[in-house]
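Remarks on the structure that follows.
The values are calculated or read from the model by the stated rules, or taken from the named source; none is laboratory data. Because the structure is predicted, anything quoted here is derived from the model rather than measured. Methodologically, a virtual Cβ is constructed for each residue, glycine included, from the backbone with ideal geometry; neighbour enumeration extends over all protein chains shown. Accessible surface areas use protein heavy atoms only, side chains included; no ligands, DNA or RNA. Shrake-Rupley method; radii C 1.70, N 1.55, O 1.52, S 1.80 Å.
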Amino acid sequence: MTERSAAWMVGFASVLVAAGGLLLGLQVDANHDLSGTGFVQLSIGALLALLALFARARTGGFPRDTTGVFGVVSAFLGLAFLLSGVLAPGGPWMFFEVFALLVFVAVRRGETKRGAGALVLLALLLLFRLWVTYQGSERRWELVSIDVPILSSLPFSVLDPVKSVSLGSFTPREMNFPPAGLDFALTTALWAVGFALCAAGLALLERSLSEHEDDRIHALIHTLPTPLAGLVERLLPESEWRALGLHGLAERALAKRIEEWVRDRMAKQRALDSAWRASSALEFTNSGGIAGGIQQALLDHGEPRKDESDR
Amino acid sequence: MNPAPSPPNRAPILLFAVATALFAAALFARGLAPKKVVLPRDIPVAERPKLRDPMQLLSPAARLRAQELDPLVSPAQATTFTAVRKSLFAYATCPELLDFANSADGQRFEHLLEDLRNGTREDAFASLALILRAARACEWKPGLRAHTEHAEKLGTWLGDWLRTWAEPSAKDPLLSEPALAAGLVYGKIMHTAWKAPIVGHNQAPYDKALALLDELTGTPPSHRTAYGEMLQLRYPRALTQLLLRTDALSGCAEECATLYPDLTGECAR
């Protein structure tokens with residue numbers, strides 16, 4: 001199997017995201033004709049995705065080449081499609097979902113690990129949307145209908161209007177349902193496949209963009225002579241590049257940042273070495289026991305003493 | 001010596017192009033409007049049937065134009081049709097519907113209905129006009145003692161007609177509207193039979209009507225028929241109630257009351 005470059009993976013992930021977005025934007029009516037889900041949800045999804053993109057740009061930098069730019073645009077569109085896919089098709093219920101999303105972001109703003117919570121929230125919103133769609137496809141224009149005890153069991157049709165209570169009503173127009181009604185099975189199948197493609201594409205895109213940035217940094221480091229490049233890579237391991245803020249920097253800024261980090265790491269290394277050399281007096285303070293044994297082991301692997309090296 | 005530069009990899013560029021096209025398609029697809037259902041009457045004038053305003057022949061004023069049906073009926077049924085039409089439109093005694101059906105006139109009427117139902121589209125329309133005339137000329141209201149047999153007999157005639165002609169009528173300029181009207185009248189009649197008892201309901205006609213209308217319109221929505229599509233377009237309330245399953249025939253009854261307020265089961269003298 002041919003190994004694929006990060007740029008290839010960015011392209012492939014973008015295709016997945018775009019195909020998912022296409023499926024999420026379609027619905028099948030009762031006559032098996034296709035129609036669009038409208039731009040309302042997409043607009044709200046795009047706004048939320050823009051917020052996410054800004055938050056990310058504060059820590060992740062900006063794309064610096066065509067592949068990076070394409071990947072970020074794909075990620076933005078993918079996130080907009082994904083968010084629009086879980087929002088109710090319109091009306092007050094859609095704004096309720098947006099409100100829930102914003103509350104979630106505000107409440108958990110300080111937390112670093114909120115991925116699992118966000119996924120649960122998205123899954124709940126998707127479930128809500130599917131329920132609204134199902135009710136609409138059955139021509140029940142409310143979230144739930146609760147039968148009134150006793151009254152509902154009486155066989156008098158004159159009581160029909162008060163036999164049940166409707167909660168959370170909506171209209172087909174605000175939900176952008178086609179006039180012929182919705183084919184729930186086919187539409188849900190389309191959305192499920194679209195959602196899966198979008199989510200998988202976004203995950204792949206995130207990883208591919210990170211790999212692409214790593215490739216760019218790697219290429220810059222390897223403009224140095226090979227032994228020096230190897231030394232830099234030992235000082236700054238690839239797994240730390242993102243955390244060190246090397247992703248998303250322009251080439252000149254990247255070179256300066258690498259230089260700073262190498263200087264910083266070397267200084268720390270030297271400080272450690274000198275501290276180590278100064279620690280030979282420790283052998284006189286060996287108190288025995290397990291702590292003493294470890295201390296002795298450390299000393300045994302230390303540098304040869306000056307008098308030993310002279311001999 | 002520097003190594004020769006490797007040729008540029010075209011695969012990512014191709015993938016970017018495909019993704020761009022798909023993104024454009026995804027945005028375009030969101031704006032797709034639902035397909036409009038076009039009524040058969042929108043076909044060019046030259047292709048329209050010879051009979052103008054066929055719905056008038058199903059209304060209480062049908063007696064003014066009923067003779068226009070005579071030349072349209074197949075020659076084999078023409079003579080009988082004319083005779084039955086004349087007698088039916090001359091009815092003034094207002095018998096109960098079953099009494100009419102069991103009379104000599106009624107038996108001839110039923111034979112003719114069967115023949116016309118198996119004939120051409122004009123024959124089918126003529127038979128429907130006769131059924132609605134019978135519905136106006138005879139008493140079929142269940143009354144306090146809930147005699148639903150008259151309404152159910154009338155429902156049987158309409159049900160047989162609908163079973164044969166509803167689906168082919170959906171896109172037929174002559175029969176489209178009449179077939180929808182027939183469905184509404186059928187729903188109204190069976191709804192009347194269902195609601196006849198003072199306490200509770202008469203379930204048999206309700207279930208029978210629901211089964212037939214489900215088949216004709218195509219429920220659940222994933223199996224929508226052309227007839228169901230037209231009913232949704234013209235009388236959405238009727239189809240919505242049908243899908244709700246709670247008092248499913250009330251939509252048809254309401255629409256029918258608007259379309260033919262005189263069809264109450266009591267003779268329109």
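One residue stands out among those in region A:212-232 that are touching a helix residue (DSSP H, G or I) at 6+ places or on another chain (Cβ under 6 Å) and open to solvent by 50 Å² or more (accessible area, probe 1.4 Å): the one that is farthest from residue A:7 (Cα to Cα), which is A:222. The listed residues are A:189, A:118, A:185, and the only one of them that is in a helix (DSSP H, G or I), assigned by TED's automatic domain parsing to the domain that holds residue A:35 and either more than 18 Å from residue A:35 (Cβ to Cβ) or at pLDDT below 80 (or both) turns out to be A:118.
Restricting attention to region A:55-73, which residues are more than 20 Å from residue A:99 (Cβ to Cβ), open to solvent by 50 Å² or more (accessible area, probe 1.4 Å) and within 16 Å of the chain's Cα centre (by Cα)? Answer for region A:55-73, where residues must be more than 20 Å from residue A:99 (Cβ to Cβ), open to solvent by 50 Å² or more (accessible area, probe 1.4 Å) and within 16 Å of the chain's Cα centre (by Cα): A:56, A:58, A:59, A:73. For region A:185-211, the set of residues classified as open to solvent by 70 Å² or more (accessible area, probe 1.4 Å) and of a type outside the set (A, V, I, L, M) consists of A:206, A:207, A:211, listed by residue number. Taken over region B:57-103, the criterion of being over 20 Å from residue B:117 (Cα atoms) and acidic (Asp, Glu) is satisfied by B:96, B:99. All told, residue A:271 meets the bar of being assigned to a helix (DSSP H, G or I) and modelled with pLDDT of 75 or more.
Report whether or not residue A:197 is more than 9 Å from chain B (Cβ to nearest Cβ), at pLDDT 90 or above and assigned to a helix (DSSP H, G or I). Yes; evaluated as a whole, the condition is true for this residue. Inclusion of residue B:195 among residues that are among the charged types (D, E, K, R), more than 29 Å from residue A:27 (Cβ to Cβ), modelled with pLDDT of 85 or more and touching a His at 6+ places or on another chain (Cβ under 7 Å) is warranted.
Is it the case that residue A:177 is assigned by TED's automatic domain parsing to the domain that holds residue A:11 and in a loop (DSSP other than H, G, I, E, B)? The answer is yes for residue A:177. The helices (runs of 4 or more DSSP H) falling completely within region A:1-111 that include 2 or more residues that are under 28 Å from residue A:255 (Cβ atoms) and at pLDDT below 90 map to A:6-24, A:40-60, A:66-86.
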